[in-house]
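Accompanying notes for the structure given below.
The values are calculated or read from the model by the stated rules, or taken from the named source; none is laboratory data. Everything quoted here is computed from the prediction, not taken from an experiment. All Cβ positions, glycine included, derive from the backbone under ideal geometry; neighbour counts span all protein chains shown.
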Amino acid sequence: MRFSQLFAPTLRETPAEAEVVSHQLMLRAGLIRKATGGVYSYLPLALRVLKKIEKIVREEMDAKGGQELAMPIIQPAEMWQETGRWSVYGEEMFRLQDRHDRKFCLGPTHEEMITTIVRGDVRSYRQLPLMLYQIQNKYRDEIRPRFGLMRGREFIMKDLYSFDRDEAGLDESYNKMYDAYSRIFTRCGLTFRAVEADSGAIGGSGSHEFMVIAESGEAGIVYCEKCDYAANDEKAELHPICLPSEEQLPLDEKATPGMKTIVDLSQFLSITPEKTIKTLAYRTDTGTLVLALVRGDHEVNEIKLLNKVGCIQLDMANEEAITHTLGSRAGYIGPVGLTDKENIIIVADATVMNMNNAVCGANKLDTHYINVNPGRDFKPSIVTDLRLIQENDPCPHCGAPVKTARGIEVGQVFKLFTKYSTALQATFIDVDSKEKPMVMGCYGVGVSRTMAAAIEQNYDENGIIWPAPIAPYHAVVIPVSSKDEKQMALAEKIYTELNASGLEAILDDRNERPGVKFKDADLIGYPIKIIIGPKAINENLIETKVRRTGEVLYYSQEEYLSNVK
Ligand code: ATP
Ligand code: MG
Ligand code: MG
Ligand code: MG
């Protein structure tokens, strides 16, 4: 490609509307143009990057046995009504109606669609496991579309869905995808971390997010360098970080099973303002203890936990309410989780409690549920005021001081179990001749967001610094003076030979001052600049500048192709 013919309209000024670096640089480097809020055109350079990311994603999906298909973007309301998500999904869903007043949406995700396809055609265990994926535009009417491609309303996602006979199969599929995702982001040349995550609106339990580490990331993450614990901070804050020991807990030993006991836990808590909050400890009929904070005043939002006491905040005004809220199915708060060991309290979001025989409070006085399946039986809670784990807090797994960082969610893997197959009757006949719902997982990569995240992680004051595997071109060949015939001829030769050798080079053949060409090269962010100036002509020394390090290397024409990789 010759720069003179390339449609890459670069801008000198930073557009005012762009708040984050990737958005600014993509506009300035002529990669994208805005159609409307959260909707962009990808210009040729951007499309090359996207295709490279897609190629990596495709290869890794195929390597794990994924089969690519393409599902419609327009989805009928009926299948979403069957799972209940037509009403649950809310305003983020783009909805439309045809001339007959039939309702549709633009797919924000495709669980309903894929499950409907599979239920029609998969009848036997012999057809499982199955992994199907697509790479396609998704539509979400984000409340705040911003940050350019980071949070679009139309964006490119790879979504894969796995169908297995049982949970062991799901575990296998999940692990394959987890591995594929690690490979994808490594191959893209990104620094990332996989963290434990909540399953959110998609449902199910068991999930990891893949986070590209960058200052501008919207998500906080917590990780431990001693063990392999890592979680996003929404999840980490709800982790059972604080287990009071029996000595520390002023447990009323005389409390009989079933008896409600209020004990003063304020010595372990620093609460402001104190009076509006009641702390409760409540013994269930098995002798396990539920600890809770009851918030009597909506204004109160500062609760600091001291080291050793776990608590969960209930948005309820009175003590009666607590028994209803604990484990309440309709509740907006996750249940307080308990282990089956006496007097050990684990206060956690429902989705954290994926231990066997989890017990949690029920919405009836002095009772509890056993064998609770958190993702299935409870919605994740919205507990906003609980203290976040901070840098140097003890790791929930090993106790070593944790580290924190900011991350951009570029992918997420979920175990869905049978949520969608049950709702949509996607069943199969197993070896034992019994009809069973398929066990599902879903796995998404934000392809367009990954491009933006790559920039958020790799730039300097001059522009983008593409990781080589996803760079639009590997190298730009710049003749210093376009009027110098010798320079132009040599540049042309190097350019042609590089391309013939498989390297993707672009020739800046524009009649521009060298400064303009260098500036554009840095802005667009090719990994390598090959500069053909007087030194190249007179001394047979071709200057090669590495974008990331600024390192300058000289090669003779002859050496050139064998050295530059
Ligand atoms: P977020 O938390 O940022 O809203 P999400 O958890 O809603 O993302 P998923 O449903 O997990 O997103 O979708 C899979 C992937 O799609 C995400 O990991 C992300 O990379 C990408 N993605 C989601 N929403 C957007 C968006 N609005 N713009 C660009 N990419 C997105
Ligand atoms: Mg979202
Ligand atoms: Mg998310
Ligand atoms: Mg997600």
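What to note about this one:
- Residue within region 164-187 that is among the basic types (Lys, Arg), within 15 Å of ligand 1 (Cβ to nearest atom) and farther than 30 Å from residue 126 by Cβ present: no
- Hey, residue 204 within 16 Å of ligand 4 (Cβ to nearest atom), under 25 Å from residue 395 (Cβ atoms) and modelled with pLDDT under 95 or not: no
- Qualifying residue in region 171-184 (condition: of a type in the set (A, V, I, L, M), at pLDDT below 95 and within 22 Å of residue 446 (Cβ to Cβ)): no
- Counting the residues of region 431-462 that are surrounded by fewer than 22 Cβ atoms within 10 Å (Cβ to Cβ) and part of a strand (DSSP E or B) gives 5.
- Taking first residues from region 175-187 that are touching a residue at least 12 places away in the same chain (Cβ under 8 Å) and partners that are in a helix (DSSP H, G or I) and of a type in the set (A, V, I, L, M), the Cβ contacts under 8 Å between residues at least 6 apart in sequence or on separate chains come to 180/61; 180/63; 184/56; 184/57; 187/56.
- Considering region 207-228, the residues that are assigned to a loop (DSSP other than H, G, I, E, B) and either within 15 Å of ligand 2 (Cβ to nearest atom) or closer than 14 Å to residue 390 by Cα (or both) include one that is modelled with the highest pLDDT, namely 217.
- Residues being within 16 Å of residue 31 (Cα to Cα) and within 16 Å of ligand 1 (Cβ to nearest atom) - total across region 441-491: 11
- So residue 156, is it within 10 Å of ligand 1 (Cβ to nearest atom), of a type in the set (Val, Ile, Thr), closer than 21 Å to residue 69 by Cβ and within 14 Å of the chain's Cα centre (by Cα): yes
- Region 374-421, subset under 19 Å from residue 85 (Cβ atoms) and in a loop (DSSP other than H, G, I, E, B), residue modelled with the highest pLDDT: 418
- Residue within region 485-496 that is under 14 Å from residue 531 (Cα atoms), touching a strand residue (DSSP E or B) at 6+ places or on another chain (Cβ under 6 Å) and in a loop (DSSP other than H, G, I, E, B) present: no
- Among residues of region 134-143, those that are within 16 Å of ligand 4 (Cβ to nearest atom) and either touching a Pro at 6+ places or on another chain (Cβ under 7 Å) or under 9 Å from residue 38 (Cα atoms) (or both), counted: 4
- Here residue 96 meets each of (1) surrounded by fewer than 20 Cβ atoms within 10 Å (Cβ to Cβ); (2) in contact with a helix residue (DSSP H, G or I) (Cβ under 7 Å, 6 or more places away or on another chain) with one exception, condition (2).
Quick grid of which residues meet (1) charged (D, E, K, R); (2) surrounded by 12 or more Cβ atoms within 10 Å (Cβ to Cβ); (3) more than 22 Å from residue 450 (Cα to Cα):
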{"position": "57", "(1), (2), (3)": "no, yes, no"}
{"position": "64", "(1), (2), (3)": "yes, yes, no"}
{"position": "76", "(1), (2), (3)": "no, yes, yes"}
{"position": "86", "(1), (2), (3)": "no, yes, yes"}
{"position": "89", "(1), (2), (3)": "no, yes, yes"}
{"position": "100", "(1), (2), (3)": "no, no, yes"}
{"position": "112", "(1), (2), (3)": "yes, yes, yes"}
{"position": "123", "(1), (2), (3)": "yes, yes, yes"}
{"position": "146", "(1), (2), (3)": "yes, yes, no"}
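- Among the residues of region 25-50, those that are surrounded by 14 or more Cβ atoms within 10 Å (Cβ to Cβ) and either of a type in the set (D, E, K, R) or in contact with a His (Cβ under 6 Å, 6 or more places away or on another chain) (or both) comprise 28, 34, 48.
- Residue check for residue 59: assigned to a helix (DSSP H, G or I) and either under 23 Å from the mean Cα position of the chain (by Cα) or aliphatic (A, V, I, L, M) (or both): yes
- Taking region 116-147 as the range and being within 16 Å of ligand 1 (Cβ to nearest atom) and either under 13 Å from residue 427 (Cα atoms) or part of a helix (DSSP H, G or I) (or both) as the test, no residue passes.
- Some residue of region 81-95 being more than 25 Å from the chain's Cα centre (by Cα) and either assigned to a helix (DSSP H, G or I) or farther than 29 Å from residue 182 by Cα (or both): yes
- Any hit, region 422-433, residues being among the acidic types (Asp, Glu), at pLDDT 95 or above and within 30 Å of residue 45 (Cβ to Cβ): no
- Meets criteria (out of contact with any Lys or Arg (no Cβ under 8 Å at 6 or more places or on another chain) and either among the aliphatic types (A, V, I, L, M) or in contact (Cβ under 8 Å) with a residue 60 or more places away in the chain (or both)) for residue 74: yes
- The test for being more than 8 Å from ligand 1 (Cβ to nearest atom) and in contact (Cβ under 8 Å) with a residue 60 or more places away in the chain holds for residue 421.
- Pairs, first farther than 13 Å from residue 488 by Cβ and at pLDDT 95 or above in region 507-520, second hydroxyl-bearing (Ser, Thr, Tyr) and part of a strand (DSSP E or B), C-beta under 8 Å, six or more apart: none
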